[in-house]
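Peer 1: Okay, handing you the structure first.
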Amino acid sequence: MSVHSSEQDYQALIAAEAAVWSAAARDLAAKWRPDWADMRRTRHYAVVDGRHIKQLLRLVQPEWQVLEIGCWSGWLSLEMARRGAHVDGIDVAAEALKLAQTYAAEHAPRGSVRYRLADINYEPLPQNHYDLVVAVGVLHHLAEVRAVLERVRAALKPNGLLFVIDPLDTPTANALLAGALLFLLPTKVRYRDKVRHLLRFRQRVVERMKASIEARGLSPFEGYGRHQMPLEILRELFHVEQFRVYNAFTGYVIANLAMPESLAIAVGHLLLPLDHLAVRLRLLQGLSYKLLARRI
């Protein structure tokens, strides 16, 4: 085991990870239902990742066997099941899964969805079983990236698909621009406190901004998979059919704006063309990637 000195240590870390994401699911459920109809109206999906989720949903075919790794509160698994697929959603966060199960029972899909408490780092998967495996915002949380992706490859049917959205490391230029925008735009931090923080941290400001963008310390395994070269492993194990890098600063900026959701979305749509242009001209690196790959 590479991230812990003993099984007991690892189980404590996984329990803490589960607690973080269970709490996050409860907080989200206070405002939004675990349903794509609601989630696509949130600032993140309305501006940044919604188009990629829509592409994924267009891929899903009736009667497909689908696995979602890290399904959290279950909204994406449920939406794929509405396309007629038979979906297994697994996660370590028991309370998030309870929310998912309760909502799915009240809103039965055309296909089927089954939620299961499991740690994908060590969970065995059936071989040659799935038409599609989905991992949205998951790989950078994994303790054992290669082992998980090898099991995913074996679990896919021949020519089965893997869909991934995950973050990339933050270059200095991205951190500087995101920091400048948040200095100018209204956030929960008062402007005089922004100036005070800038003067206080000085040379450390950029590193603190990178840490904030990457959500370092959010949970025990936050960012652990970043350092295991997941993209290299993906390209080794699968045939990559689509790969796009995007979201140089917009997602982080709008997530931190202190304004109503509709106004934050409007700001995001104003920033997004500049974001796309900066990535296209290689002035900035995208901080997220979307990958569609096929089993070799």
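Any read-out appearing in this document is the output of simple, stated calculations on the displayed coordinates, not a laboratory observation. Predicted model only: the values in this text are computed from it and were never measured. Glycine also receives a Cβ, built like all others from the backbone with ideal geometry; neighbour counts cover every protein chain displayed.
Peer 1: Going by amide H atoms built from the backbone, whose H comes under 5 Å of the H on Asn247, apart from near neighbours?
Peer 2: Leu287
Peer 1: Going by alpha carbons, how many degrees (0 to 90, nearest 10) lie between the helix axis of 94-106 and the longest principal axis of the chain?
Peer 2: So the helix axis and the longest Cα principal axis differ by about 70 degrees.
Peer 1: Right, here's the next one. Between 0 and 90 degrees, rounded to the nearest ten: what's the tilt of helix 191-201 against the longest Cα principal axis of the chain?
Peer 2: 90
Peer 1: Binning every alpha carbon pair distance of the range 220-296 at 10 Å from zero, what are the percents per bin?
Peer 2: Using 10 Å bins, I get a P(r) of 17, 34, 33, 15, 1 for the range 220-296.
Peer 1: Another question about this same structure. For the range 238-283 and the range 1-56, write down the distance between their C-alpha centroids in whole Å.
Peer 2: Here the answer is 20 Å between Cα centres.
Peer 1: Compactness ratio of the range 173-269: Cα Rg over 2.2 N^0.38 Å, N = residue count?
Peer 2: 1.32
Peer 1: Which angle between 0 and 90 degrees, to the nearest 10, do you get for helix 7-29 versus the longest principal axis of the chain when only C-alpha atoms count?
Peer 2: 70
Peer 1: Another question about this same structure. Taking amide hydrogens as modeled 1.01 Å from N in the peptide plane, which residues meet the under 5 Å criterion relative to Asp166, leaving out close sequence neighbours?
Peer 2: Amide H neighbours of Asp166, under 5 Å, 5+ apart: Gly137, Tyr289.
Peer 1: For the pair Ala12 and His129, what calculated FRET efficiency results from E = 1/(1 + (r/R0)^6), where r is the Cβ-Cβ distance and R0 = 41 Å, to the nearest 0.05?
Peer 2: Calculated transfer efficiency: 0.80.
Peer 1: Based on the Cβ-Cβ distance of Leu218 and Gln285, what FRET efficiency does E = 1/(1 + (r/R0)^6) give at R0 = 25 Å, to the nearest 0.05?
Peer 2: Calculated transfer efficiency: 0.70.
Peer 1: Explain nothing, just the number: relative contact order of the range 158-223, from Cα pairs under 8 Å at least 6 residues apart, as a whole percent.
Peer 2: Relative contact order comes out at 40 percent.
Peer 1: Would you compute, from DSSP H runs of 4+ residues alone, the mean residue ellipticity of the chain at 222 nm, taking -39500 (n - 2.57) per run and dividing by the full residue count, rounded to the nearest 500?
Peer 2: Helix-only estimate at 222 nm: -14000 deg cm²/dmol.
Peer 1: While we're on this one: Roughly what percent of Cα-Cα pairs across the range 47-93 reach past 14 Å?
Peer 2: 48
Peer 1: By how many nm would the segment from Ile296 to Glu232 grow when fully extended, if each residue of separation counts as 0.36 nm and the alpha-carbon distance is taken off?
Peer 2: 21.5 nm
Peer 1: Fully extended, how many nm does the chain gain between Leu185 and Ala30 (0.36 nm per residue separation, minus their Cα-Cα distance)?
Peer 2: 53.2 nm
Peer 1: Can you pull a Stokes-Einstein diffusion coefficient for the range 39-191 at 10 °C (1.306 mPa s), Rh from Kirkwood over Cα pairs, as a whole number of µm²/s?
Peer 2: Stokes-Einstein gives a translational diffusion coefficient of 94 µm²/s.
Peer 1: In the neighborhood of Val279, defined by Cβ-to-Cβ distances under 13 Å, what is the net charge if each Lys or Arg adds +1 and each Asp or Glu adds -1?
Peer 2: +3
Peer 1: Rounded to whole Hz and in sequence order, give me ³J(HN,Hα) for the range 70-81 from the Karplus expression 6.51 cos²θ - 1.76 cosθ + 1.60, θ = phi - 60°, writing x for Gly and Pro.
Peer 2: Values per residue, Gly and Pro as x: x, 6, 6, 7, x, 5, 6, 4, 4, 5, 5, 5 Hz.
Peer 1: Please compare each pair in Lys31/Lys290; Lys31/Lys188; Lys98/Lys157 to a cut-off of 22 Å on the Cα-Cα distance and tell me which ones are over it.
Peer 2: Those over the limit are Lys31/Lys290; Lys98/Lys157.
Peer 1: Please sort 175-187, 19-31, 93-105, 129-141 by packing, taking for each peptide the average over its residues of neighbouring beta carbons within 10 angstrom, highest first.
Peer 2: Ranked by mean Cβ neighbours within 10 Å, highest first: 129-141, 93-105, 175-187, 19-31.
Peer 1: Which label marks the calculated value of Kirkwood radius over Cα pairs in Å, given the options [x] 20.1; [y] 26.2; [z] 21.2?
Peer 2: [x]
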